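*Asks:* Let me give you the structure first, and then I'll get to my questions.
The values are calculated or read from the model by the stated rules, or taken from the named source; none is laboratory data. Here the structure is a predicted model, which means the values were calculated and not measured. A quick note on method: Cβ atoms are made from the backbone with ideal geometry, for glycine too, and the neighbour counts reach across all protein chains shown.
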Amino acid sequence: MSKILLIDDDAASRGFFKTVAEKLLMMDTEEAGSISEAIDRIAEGGIDVIFLDNTLSDGDANAFCARLKQTAPEAMAIPKYVVTGAHPLACSALWTECGILGFLLKPCSIDEIKATVNKCLSKK
Amino acid sequence: MLIKKIKEYLLPGNMSLRTKITIAALVYTALMLAVLTSMILHLQKENYRSRAIQSARQIAAEFSQSLFHKWDTTAPLSDNKEKLSQYTMLSNMAFRDQNIVYVAFQDADDKIAYIVKSLPQYVWMMNLTKTDPYTERMLRVTGETTRSFASYPEGLVTEYLNVVYDKDKKFLGVIKIGISEKQVQESIIAITRNTLVKIITVNLGALLLIGIIVYYMSTKLETRLIGIQKQARKMLDRTPDHQNTQNVFSQLTNELQEIEGIITSLKQRFMELVITISHEFRSPMQAIKGYSEFIMKGGAGPVTDEQMKYLDNISENAERFQTFIDNVLDLVKLGGDSFPLAKRNFRVEEIILKTVSLYAKQIQKADIKIEVKIPTPELNTFGDPDRTFQVLVNLLSNAIKFTPENGTICIGAQREDNTVIFHVKDTGAGIPLSKQGKLFTEFYQVPGIKPERGYKGLGIGLALCKKLVEIQGGAIAVESSPDTGTVVFFTLPAQQEKPV
């Protein structure tokens with residue numbers, strides 16, 4: 001069973017994605033409320049897909065990528081999607097290097113989530 | 001040099017301005033009056049002489065008439081003749097036929113006497129050695145002695161001839177008349193003196209009046225000029241203040257730069273706040289909308305019709321709230337320095353169907369017919385698909401609000417040259433032409449038109465649409481009438497071969 005890591009500082013939002021992933025996509029889930037927490041989870045291994053909020057208490061997606069590159073470069077290849085409340089200007093080169101395939105604008109529909117997860121799994 | 005000296009003498013440097021102006025005005029006026037007086041006197045003199053000659057000839061004519069023609073001796077001499085006769089005299093006569101004249105004299109004693117007595121002075125030139133019949137007659141009629149008849153009055157006498165004819169126009173001779181130049185001159189001098197006295201009196205009066213007026217006006221002028229001069233001196237005296245002024249300007253410039261910096265910083269903070277708000281509301285909205293959808297899709301078990309109705313209501317209102325917040329935030333962001341756009345070629349049909357799909361339930365619930373018209377399904381346009389979707393969402397949302405039951409909404413797009421024209425048409429109440437001008441203005445709501453369903457909103461949807469279309473290089477317009485409903489068009493560039 002594929003495992004998705006949900007990184008979001010908003011518990012309600014994280015909870016919704018967890019529900020959809022477990023109940024509708026039949027995936028295992030891991031949760032993290034900050035970059036530091038996420039890095040620890042990734043270090044444990046077994047993550048297939050990462051959904052990442054762009055505004056976390058200890059940094060944004062760029063900061064996450066920088067730390068990941070430093071601490072767990074092998075995890076750079078894990079397909080990732082940014083799920084954000086604010087429309088980002090564009091996907092940066094660092095995002096691409098970090099394995100970020102794109103972004104989803106909150107609130108997104110279940111169909112959009114399904115399609116995005118499938119896209120990520122296909123890139124693995 | 002002379003003029004300069006006269007000027008220095010008349011207008012010394014220490015004299016006040018008002019006095020200088022007054023003197024200059026008086027001198028000028030006096031000169032003008034002198035010229036005028038001289039002209040008047042000359043004309044008067046010429047006029048007097050002319051009248052004297054005329055008068056002399058009149059007397060001669062009357063005298064000849066008294067001799068040879070019937071003449072009313074009782075008639076008084078004219079005024080002119082009376083006034084001037086004192087300088088005029090009968091001086092002599094020369095006739096071809098002395099007998100005729102003699103006879104005439106005999107018949108006209110009383111007339112001659114009348115004429116002669118009317119003249120205060122006359123001279124009858126006579127030959128002292130030879131007595132002629134006229135002279136004898138004149139002596140007898142006038143009662144004068146021979147001596148008094150023999151000389152001219154003192155001074156030059158100008159003589160004029162007056163030709164005498166008889167009743168049959170036959171030349172009889174001439175009567176000489178004389179004008180005493182000396183007396184005329186004396187008289188003219190006397191008249192001139194009188195006239196001059198009058199003119200000088202009037203002129204002095206005029207000069208006095210002019211002097212007073214000019215002095216009064218020049219005093220006011222001088223006061224004003226002195227005021228200006230004082231102000232100018234004050235300004236000149238402030239030379240050291242120029243530096244101060246520069247300092248003030250420099251200070252102001254610095255302060256303005258500081259204010260500009262503060263404004264820029266505030267704008268930056270405001271934009272950051274907007275982004276934060278945008279993010280902060282979207283996360284809980286994800287939970288609200290997401291869980292509603294999850295339950296509606298049966299993720300939490302079977303859903304009853306009643307539960308479905310409530311969930312639908314939650315979802316719809318969450319959607320409305322999200323659209324509203326999105327619009328407000330975007331409107332704010334559009335007023336900033338930059339607005340993120342992800343422009344690319346995208347399929348028109350896809351974005352239109354996505355829009356229709358979003359409102360499919362509402363359209364069905366409102367019992368409205370929807371028509372999608374895209375003549376070329378593969379039609380592509382160049383722009384930001386998310387922002388285009390946002391425009392279409394706003395337009396379709398408006399159309400649903402204002403279309404009555406059984407009405408029709410038509411949404412579509414077609415290519416014309418290098419442009420794709422989108423349209424959203426409804427069969428709603430329509431907007432009168434007079435109220436269409438402000439339609440794309442922020443917070444404008446067409447007065448007197450109520451939506452068929454839902455909320456009227458804040459009047460920011462169309463304003464946002466206009467901005468979103470324009471930043472993508474397009475334009476937006478409306479056609480509407482109360483009979484046919486409303487159609488909103490907007491354009492975007494057609495697909496680009498090599499998007500920049």
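*Asks:* Would you be able to say whether some residue in the stretch A:51-67 is without any contact (Cβ under 8 Å) to a residue 24 or more places away in the chain and away from chain B (no Cβ under 14 Å)? Step through it out loud before you land on a result.
*Replies:* To start, the set of residues in the stretch A:51-67 that are without any contact (Cβ under 8 Å) to a residue 24 or more places away in the chain comprises A:60.
Narrowing further to those that are away from chain B (no Cβ under 14 Å): none.
No: the stretch A:51-67 contains no residue that is without any contact (Cβ under 8 Å) to a residue 24 or more places away in the chain and away from chain B (no Cβ under 14 Å).
*Asks:* Just a yes or no: is a residue in the stretch B:377-399 part of a loop (DSSP other than H, G, I, E, B), surrounded by 15 or more Cβ atoms within 10 Å (Cβ to Cβ) and modelled with pLDDT under 90? Can you show your working first?
*Replies:* Taking the stretch B:377-399 first, the residues part of a loop (DSSP other than H, G, I, E, B) are B:377-379, B:384.
So of that shortlist, the ones also surrounded by 15 or more Cβ atoms within 10 Å (Cβ to Cβ) come out as B:379, B:384.
Adding the requirement that they be modelled with pLDDT under 90 leaves none.
No, because not a single residue in the stretch B:377-399 is part of a loop (DSSP other than H, G, I, E, B), surrounded by 15 or more Cβ atoms within 10 Å (Cβ to Cβ) and modelled with pLDDT under 90.
*Asks:* Still on this model: Residue by residue through the stretch B:201-227, note down the ones that are closer than 30 Å to B:Glu46 by Cβ and either touching a helix residue (DSSP H, G or I) at 6+ places or on another chain (Cβ under 8 Å) or surrounded by 16 or more Cβ atoms within 10 Å (Cβ to Cβ) (or both). Steps first, please.
*Replies:* Residues of the stretch B:201-227 closer than 30 Å to B:Glu46 by Cβ: B:201-207, B:210.
The answer is B:Asn203, B:Ala206, B:Leu207, B:Ile210.
*Asks:* If you don't mind, there's one more thing I want to ask. Tell me, yes or no, whether the stretch B:252-266 has at least one residue that is surrounded by 10 or more Cβ atoms within 10 Å (Cβ to Cβ), hydroxyl-bearing (Ser, Thr, Tyr) and at pLDDT 85 or above.
*Replies:* Within the stretch B:252-266, the first condition is being surrounded by 10 or more Cβ atoms within 10 Å (Cβ to Cβ), and the residues that meet it are B:252-266.
Then drop every residue that is not hydroxyl-bearing (Ser, Thr, Tyr), which leaves B:253, B:264-265.
Filter once more, keeping what is at pLDDT 85 or above: B:253.
Yes.
*Asks:* Taking the stretch A:68-91 as the region of interest, how many residues are part of a loop (DSSP other than H, G, I, E, B) and either within 14 Å of chain B (Cβ to nearest Cβ) or modelled with pLDDT under 90 (or both)? Lay out the reasoning, then the answer.
*Replies:* Looking only at the stretch A:68-91, we keep the residues that are part of a loop (DSSP other than H, G, I, E, B), and these are A:72, A:78-79, A:85-91.
Narrowing the set further to residues that are either within 14 Å of chain B (Cβ to nearest Cβ) or modelled with pLDDT under 90 (or both) leaves A:85-91.
Counting residues in the stretch A:68-91 that are part of a loop (DSSP other than H, G, I, E, B) and either within 14 Å of chain B (Cβ to nearest Cβ) or modelled with pLDDT under 90 (or both) gives 7.
*Asks:* Just give me the residues in the stretch A:92-102 being at pLDDT below 90, surrounded by 15 or more Cβ atoms within 10 Å (Cβ to Cβ) and not in a helix (DSSP H, G or I), in sequence order.
*Replies:* Result: A:Cys98, A:Gly99.
*Asks:* A further question follows. For the structure I just gave you, tell me whether B:Glu181 is at pLDDT below 80 and either under 46 Å from the mean Cα position of the chain (by Cα) or surrounded by 12 or more Cβ atoms within 10 Å (Cβ to Cβ) (or both).
*Replies:* Working: at pLDDT below 80: yes; either under 46 Å from the mean Cα position of the chain (by Cα) or surrounded by 12 or more Cβ atoms within 10 Å (Cβ to Cβ) (or both): yes.
Here the answer is yes, as B:Glu181 does meet what is asked.
*Asks:* I need every pair where a residue in the stretch B:254-272 that is touching a residue at least 60 places away in the same chain (Cβ under 8 Å) has its Cβ under 9 Å from the Cβ of a residue that is exposed (fewer than 10 other Cβ atoms within 10 Å of the Cβ), sequence separation at least 6 or different chains.
*Replies:* Matching pairs, first to second residue: B:Lys267/B:Asp337; B:Met271/B:Asp337.
*Asks:* Does B:Ala399 qualify as being under 21 Å from B:Leu353 (Cα atoms) and either touching a residue at least 40 places away in the same chain (Cβ under 8 Å) or among the aliphatic types (A, V, I, L, M) (or both)? Steps first, answer last, please.
*Replies:* Values: under 21 Å from B:Leu353 (Cα atoms): yes; either touching a residue at least 40 places away in the same chain (Cβ under 8 Å) or among the aliphatic types (A, V, I, L, M) (or both): yes.
Answer is yes for this residue.
*Asks:* Just a yes or no: is a residue in the stretch B:335-357 part of a helix (DSSP H, G or I), among the aliphatic types (A, V, I, L, M) and within 13 Å of chain A (Cβ to nearest Cβ)?
*Replies:* Step one: filter the stretch B:335-357 for residues part of a helix (DSSP H, G or I), giving B:348-357.
Subsequent filtering for residues that are among the aliphatic types (A, V, I, L, M) retains B:348, B:351-353, B:356.
Applying the additional criterion that residues be within 13 Å of chain A (Cβ to nearest Cβ) yields none.
No, because not a single residue in the stretch B:335-357 is part of a helix (DSSP H, G or I), among the aliphatic types (A, V, I, L, M) and within 13 Å of chain A (Cβ to nearest Cβ).
*Asks:* While we're here: Restricting to the stretch B:266-278, name every residue that is of a type in the set (D, E, K, R) and away from chain A (no Cβ under 14 Å). Lay out the reasoning, then the answer.
*Replies:* Applying the first criterion (of a type in the set (D, E, K, R)) to the stretch B:266-278 yields B:267, B:269, B:272.
The answer is B:Lys267, B:Arg269.
*Asks:* Would you check which residues across the stretch A:23-36 are of a type outside the set (S, T, N, Q), surrounded by fewer than 18 Cβ atoms within 10 Å (Cβ to Cβ), over 16 Å from A:Cys120 (Cβ atoms) and more than 9 Å from chain B (Cβ to nearest Cβ) and list them?
*Replies:* A:Glu31
*Asks:* Here is a list: B:Phe321, B:Phe281. Which entry is assigned to a helix (DSSP H, G or I), of a type in the set (Phe, Trp, Tyr), within 14 Å of chain A (Cβ to nearest Cβ) and surrounded by 16 or more Cβ atoms within 10 Å (Cβ to Cβ)? Show your work before the answer.
*Replies:* Numbers: B:Phe321 fails: surrounded by 16 or more Cβ atoms within 10 Å (Cβ to Cβ).
Exactly one residue qualifies, and that residue is B:Phe281.
*Asks:* Quickly run through the stretch A:42-59 and pick out the residues that are surrounded by fewer than 18 Cβ atoms within 10 Å (Cβ to Cβ) and farther than 16 Å from A:Val117 by Cβ. Full working, then the answer.
*Replies:* Residues of the stretch A:42-59 that are surrounded by fewer than 18 Cβ atoms within 10 Å (Cβ to Cβ), as a first pass: A:43-46, A:48, A:57-59.
A:Ala43, A:Glu44, A:Gly45, A:Gly46, A:Ser57, A:Asp58, A:Gly59, listed by residue number.
*Asks:* May I pose another question? What residue, of B:Ile263, B:Ile363, B:Ile295, B:Ile259, is β-branched (Val, Ile, Thr) and within 14 Å of chain A (Cβ to nearest Cβ)?
*Replies:* Working: B:Ile263 fails: within 14 Å of chain A (Cβ to nearest Cβ); B:Ile363 fails: within 14 Å of chain A (Cβ to nearest Cβ); B:Ile259 fails: within 14 Å of chain A (Cβ to nearest Cβ).
One residue alone meets the criteria, B:Ile295.
*Asks:* Name the pairs whose Cβ atoms lie under 8 Å apart, with the first residue in the stretch B:27-52 and closer than 15 Å to B:Glu186 by Cα, the second outside any helix (DSSP H, G or I), and 6 or more positions between them or separate chains?
*Replies:* Listed by first residue and then by second, the contacts come to B:Ala52/B:Thr88; B:Ala52/B:Ile179.
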